[in-house]
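Undergrad: Below are the structure tokens for one structure; questions will follow.
The values are calculated or read from the model by the stated rules, or taken from the named source; none is laboratory data. In this text the structure is predicted, and so the values were computed from the model without any measurement. Backbone-built Cβ (ideal geometry, glycine too); neighbour counts: all protein chains shown.
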Amino acid sequence: MQLITRLVNIYLSLIKGLFFQYKISQNTHDLNRGRPFADSKLSYMCPLTNRRNEMSTLNSLKLVALKKPIHQPAIVIRRNKLSSHLWEQIQLAKGQMTGTPFVLMKFRSIKDLHTGIRKQVEVPKRIKPWWFQTEEGKVCVSIKYGARTLELAKGKPSIQVDSAEDLIKALEAVKVAVEAGDLDVQIEAASDTLRAGFRK
């Protein structure tokens, strides 16, 4: 009789242990899914803890009273355009230095010969290098805005480099200068010339 009672107590203990493990697993599952604990004693603590964690995260950020402008100034748009082309030249130069072709894809609208419907097709973008070799065997790079070559200084539209590494550094330096607004005058002059050509 004592043996039966002992076995019953062991069985009940096992049942209680399994039920307790299930409760812990369920509470953890609810927490991972963003829900409060099933236990009513702990459910009120979870939103408060999350709110404190969010506030501590926000406090580590530099918050400013600025909003994205609806319309960017024209010069900023032109800077970004030239900066994007400089990035392409940098990647093209890196690809040639490492022997890995740089391929940039773009979408082009073409007309289907059978259906007559226009569709968008992804094709490689043709990127011409801005650097060239002089008669003396030196490598120079010019900065272009559209079809116009920017004059970086009076009578000096090109940069001479001694190696592929120097070419990349020169392009990166010009990109920084463009984004800082150091070439705004040259960009505006090239843009005015291009617009004047379209009006003819």
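Undergrad: Can you tell me which residue among 111, 68 is more than 24 Å from residue 168 (Cα to Cα), exposed (fewer than 11 other Cβ atoms within 10 Å of the Cβ), under 22 Å from the mean Cα position of the chain (by Cα) and at pLDDT below 90?
TA: Exactly one of 111, 68 is more than 24 Å from residue 168 (Cα to Cα), exposed (fewer than 11 other Cβ atoms within 10 Å of the Cβ), under 22 Å from the mean Cα position of the chain (by Cα) and at pLDDT below 90, namely 68.
Undergrad: Same structure again: Yes or no: residue 89 in the same structural domain as residue 175 (by TED's automatic domain parsing), more than 19 Å from the chain's Cα centre (by Cα) and in a helix (DSSP H, G or I)?
TA: Considered against the rule, which asks whether it is in the same structural domain as residue 175 (by TED's automatic domain parsing), more than 19 Å from the chain's Cα centre (by Cα) and in a helix (DSSP H, G or I), residue 89 comes out as no.
Undergrad: Going through the range 174-200 one residue at a time, which ones are among the aliphatic types (A, V, I, L, M), within 17 Å of residue 87 (Cα to Cα) and surrounded by 11 or more Cβ atoms within 10 Å (Cβ to Cβ)?
TA: If the condition is that a residue be among the aliphatic types (A, V, I, L, M), within 17 Å of residue 87 (Cα to Cα) and surrounded by 11 or more Cβ atoms within 10 Å (Cβ to Cβ), then 174, 176, 177, 178, 183, 187 are the ones that fit.
Undergrad: Can you confirm whether the range 117-139 contains a residue that is surrounded by 10 or more Cβ atoms within 10 Å (Cβ to Cβ) and assigned to a helix (DSSP H, G or I)?
TA: No - not one qualifying residue is present in the range 117-139.
Undergrad: Let me spell it out: the conditions are (1) over 28 Å from residue 98 (Cβ atoms); (2) modelled with pLDDT of 95 or more, and residue 144 meets all of them except one. Which number is the exception?
TA: (1)
Undergrad: Against the condition touching a Pro at 6+ places or on another chain (Cβ under 6 Å), modelled with pLDDT under 90, small (Gly, Ala, Ser) and not assigned by TED's automatic domain parsing to the domain that holds residue 190, how does residue 43 come out, does it pass?
TA: Yes; evaluated as a whole, the condition is true for this residue.
Undergrad: Residue under question is residue 83, and the condition is that it be within 30 Å of residue 184 (Cα to Cα), in contact with a Ser or Thr (Cβ under 6 Å, 6 or more places away or on another chain) and either in contact (Cβ under 8 Å) with a residue 12 or more places away in the chain or loosely packed, with under 10 Cβ neighbours inside 10 Å (or both); does it hold? Break it down stepwise before answering.
TA: Working: within 30 Å of residue 184 (Cα to Cα): yes; in contact with a Ser or Thr (Cβ under 6 Å, 6 or more places away or on another chain): no; either in contact (Cβ under 8 Å) with a residue 12 or more places away in the chain or loosely packed, with under 10 Cβ neighbours inside 10 Å (or both): yes.
Judged against the criteria, residue 83 is not a match.
Undergrad: Then there is this: For residue 96, are the conditions met, namely being modelled with pLDDT under 95, among the polar types (S, T, N, Q) and in a helix (DSSP H, G or I)?
TA: Spelling it out, residue 96 is indeed modelled with pLDDT under 95, among the polar types (S, T, N, Q) and in a helix (DSSP H, G or I).
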